[in-house]
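Heads up: the structure comes next, in structure tokens.
The values are calculated or read from the model by the stated rules, or taken from the named source; none is laboratory data. Everything quoted here is computed from the prediction, not taken from an experiment. Quick reminder, even Gly has a Cβ in these numbers, built from the backbone with ideal geometry, and neighbours come from all protein chains shown. Only protein heavy atoms, including side chains, enter the accessible area calculation; ligands, DNA and RNA are left aside. Shrake-Rupley method; radii C 1.70, N 1.55, O 1.52, S 1.80 Å.
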Amino acid sequence: QVQLVESGGGLVQAGGSLRLSCTASGSRFSPYTKAWYRQAPGKQRELVASITTGGSTNYAASVKGRFTISTDNAKNAVYLRMNRLKPEDTAVYYCNARIATVLLGESQYWGQGTQVTVSS
């Protein structure tokens with residue numbers, strides 16, 4: 001199984017940039033589909049961005065053109081580069097990994113979350 005740890009969150013002014021990192025341990029990261037989710041207070045958790053093992057990406061409409069997801073399998077890491085941040089981007093951001101196995105079927109793993117706060 002894989003364990004995920006996020007880092008890179010913090011406080012930033014509107015219009016600024018931030019890069020989130022998620023490092024995996026316990027298993028080879030390359031076979032997993034990877035994603036970033038976020039959850040703001042009083043809101044449902046939403047998918048922000050995802051990337052497949054083939055490199056296909058998907059973004060929420062609210063972040064497309066501003067955020068970029070990427071992976072470095074040699075480092076067992078996935079990143080989320082966030083540019084032109086807005087106050088509405090304020091949320092706890094979670095790293096997610098998903099894989100299908102013969103024994104367990106589809107399995108999902110989550111990091112502990114990292115807080116991103118964008119001030120106006």
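Quote to one decimal, in nm, the extra length available between residue 52 and residue 117 on full extension: 0.36 nm per residue of separation minus the C-alpha distance between them.
20.6 nm
Over all alpha-carbon pairs of the range 1-113, lay out the pair-distance distribution in 10 Å bins, whole %, shortest bin first.
14, 49, 29, 7, 1
State in Å² the accessible area per residue of the chain; use a 1.4 Å probe, count heavy atoms of protein chains only, and round to the nearest integer.
53
Let me check I've understood the local charge: for residue 31, count other residues with C-beta under 13 angstrom from its C-beta, Lys and Arg +1, Asp and Glu -1. What total comes out?
Surrounding charge for residue 31 is +2.
When the accessible area of the chain is split by element with a 1.4 Å probe, what percent falls to carbon and sulfur?
48
Pop the C-beta distance of residue 1 and residue 44 into the FRET formula with R0 = 35 Å and round what comes out to the nearest 0.05.
0.85
Between residue 11 and residue 83, what length comes free when the chain is fully extended (0.36 nm per residue of separation minus the Cα-Cα distance, one decimal in nm)?
Extra length from residue 11 to residue 83 when fully extended: 24.6 nm.
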